[in-house]
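Here the structure comes first, spelled out in structure tokens, and everything after it is commentary.
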Amino acid sequence: MSAFAYRNGALHAEDVPLREIAAKYGTPCYIYSRAALTDAYHGFDAAFAEHAHLICYAVKANSNLAILNLFARLGSGFDIVSGGELARVLAAGGDPRKVVFSGVGKTATEIRDALNAGILCFNVESASELVRINQIAGELNKVAPISLRVNPDVDAKTHPYIATGLKESKFGVAYDDALALYRRARELKHVKIEGIDCHIGSQLTDVAPFAAAAERVIELVRHLRADGVLLSHIDLGGGLGVQYQAEENPPSIGAYAAAILKSVAGCSEKLLFEPGRFLTANAGVLLTRIEYLKRGEARNFAVVDSAMNDLMRPALYDAWHDIVPVLQAENHAETWEIVGPVCESGDFLGYQRRLAIHEGDLLVIRCTGAYGMSMSSNYNTRPRAAEIMVDGTAMHVIRKRETVPELFANEVLLP
Ligand SMILES: *Cc1c(COP(=O)(O)O)cnc(C)c1O
């Protein structure tokens, strides 16, 4: 059951009516359900119960400290892609020994900080990065735990901006170069080979590419074993999709786990996963108020108080999010373009929505717990939204609404 459901015609987050949140904290705001986050984590964890595993939540999906802290309390590790995300994980009480560090552009400072924190593993994405990590670890008199992120060259069949496992992609080490690079890594004094890693893309709605990638990775694991290189873990990345609209049918967590466990049958290495969207997307909504209804010659616009700076996915990927009223209305629906106040024609949240609405009504943009707040910006000098965590009947402000003076506090006039 969704944590966001209607009761007597009023949309609730767990036991709290959303209009109460709007009245108390204003709009726009992101609202999360603690129960939904917890259930998603437990669902993923239980699906892999038969194989030793570690969930490393992909921080970039939603990096609010309260959410990281909640996952840390559930036992989660973290997949980070920057030094900033490492700092967040540490500030949220995450265990650095459960942190994997992905990304193609790790700077020397980021590598140093991660070594000093004592992370579980660097997911190395190039030969140059391997050399740099070895050198920095040497300077610090440490040994860096590493995996190579291999590019299995499988088509994830997702939006091109979030497909990462094709030959053409900037991510990972080419499949055919991986063994040679492992052999090089073995000769380096300040790195220790711990695992292998892949991540083929995001919002995958089919299990076949996951299974294909896992099988390609296992093939390399076998070659490495024959070479005498024994790994502690196999990291199969994230990418499991969620249902944004009715036509989309992502695999259940059970079907996903069954396909992967079949591909890794006979492997004793620990499995690592880096789910982001799966853990948070359905646990969050964006609450917004209609400022104006504007009837045009060709289209009718509902101008709301949230925009592409709050939720970038529609403008960036042409992504669909369901948009529903907070109070269910009886009167007849019309077709509306739901747009924000930002000065860009790409500033829309949803096109062609059938809704019965009035100025001042509250709307909810569903399934925005992942890549919503974390991709937000201050474009048009718009303060970023507040974030509220609901837990039963309790509401917790987990991020205060930004103020305008904060937005230019670091800017300086010329002398
Ligand atoms: C973005 C990303 C993830 C998470 O992807 P989801 O689709 O949110 O599960 C995992 N690993 C890496 C390396 C990523 O870049």
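Please determine, by comparing only the residues of segment 235-287 that are of a type in the set (S, T, N, Q) and within 22 Å of residue 49 (Cβ to Cβ), which one is nearest to the ligand (Cβ to nearest atom).
We begin by selecting, within segment 235-287, every residue of a type in the set (S, T, N, Q); these are 243, 245, 249, 252, 263, 268, 280, 282.
Narrowing further to those that are within 22 Å of residue 49 (Cβ to Cβ): 252, 263, 268, 280, 282.
Working: 252: 15, 263: 18, 268: 23, 280: 8, 282: 12 Å.
Across segment 235-287, the extreme among qualifying residues is 280.
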### Query
Limited to segment 320-329, what total is found for residues that are crowded, with 20+ Cβ neighbours inside 10 Å and in contact with a helix residue (DSSP H, G or I) (Cβ under 9 Å, 6 or more places away or on another chain)?
2
### Task
Answer with yes or no whether residue 169 is within 16 Å of the ligand (Cβ to nearest atom), without any contact (Cβ under 8 Å) to a residue 24 or more places away in the chain, closer than 30 Å to residue 115 by Cβ and among the polar types (S, T, N, Q).
yes
### Query
Out of curiosity, is residue 195 of a type outside the set (A, V, I, L, M), within 21 Å of residue 81 (Cα to Cα), surrounded by 19 or more Cβ atoms within 10 Å (Cβ to Cβ) and at pLDDT below 95?
no
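Table: residues versus (1) away from the ligand (no atom under 16 Å from the Cβ); (2) out of contact with any Asp or Glu (no Cβ under 9 Å at 6 or more places or on another chain).
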site	(1), (2)
192	yes, yes
207	no, yes
216	yes, no
221	yes, no
225	yes, yes
### Message
I need the strands (runs of 3 or more DSSP E) fully contained in segment 324-371, keeping only those with at least 3 residues that are modelled with pLDDT of 95 or more and within 26 Å of the chain's Cα centre (by Cα).
### Response
348-355, 362-365
#### Entry: Test: residue in segment 22-29 that is free of Cβ contacts under 8 Å to residues at least 60 places away in the same chain and surrounded by fewer than 21 Cβ atoms within 10 Å (Cβ to Cβ)
yes
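Hey, among 154, 150, which residue is buried (at least 22 other Cβ atoms within 10 Å of the Cβ), among the hydrophobic types (A, V, I, L, M, F, W, C) and in contact with a Pro (Cβ under 9 Å, 6 or more places away or on another chain)?
154
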### Query
Does residue 226 meet the test of being among the aliphatic types (A, V, I, L, M), surrounded by fewer than 23 Cβ atoms within 10 Å (Cβ to Cβ) and closer than 30 Å to residue 372 by Cβ?
no
### Query
Has segment 139-157 got at least one residue that is in a helix (DSSP H, G or I) and farther than 21 Å from residue 233 by Cα?
yes
### Query
Only one of (1) surrounded by fewer than 24 Cβ atoms within 10 Å (Cβ to Cβ); (2) of a type outside the set (S, T, N, Q); (3) within 16 Å of the ligand (Cβ to nearest atom) is not met by residue 78, so which one is it?
(1)
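Okay, residues lined up against (1) surrounded by fewer than 15 Cβ atoms within 10 Å (Cβ to Cβ); (2) under 20 Å from residue 84 (Cβ atoms):
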site: 97; (1), (2): yes, yes
site: 116; (1), (2): yes, yes
site: 122; (1), (2): no, yes
site: 125; (1), (2): no, yes
site: 142; (1), (2): no, no
site: 161; (1), (2): yes, no
site: 168; (1), (2): yes, no
site: 180; (1), (2): yes, no
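The values are calculated or read from the model by the stated rules, or taken from the named source; none is laboratory data. These figures come from a predicted structure and were not determined experimentally. FYI the Cβ positions are ideal-geometry reconstructions off the backbone, even for glycines, and counts take in every protein chain you see.
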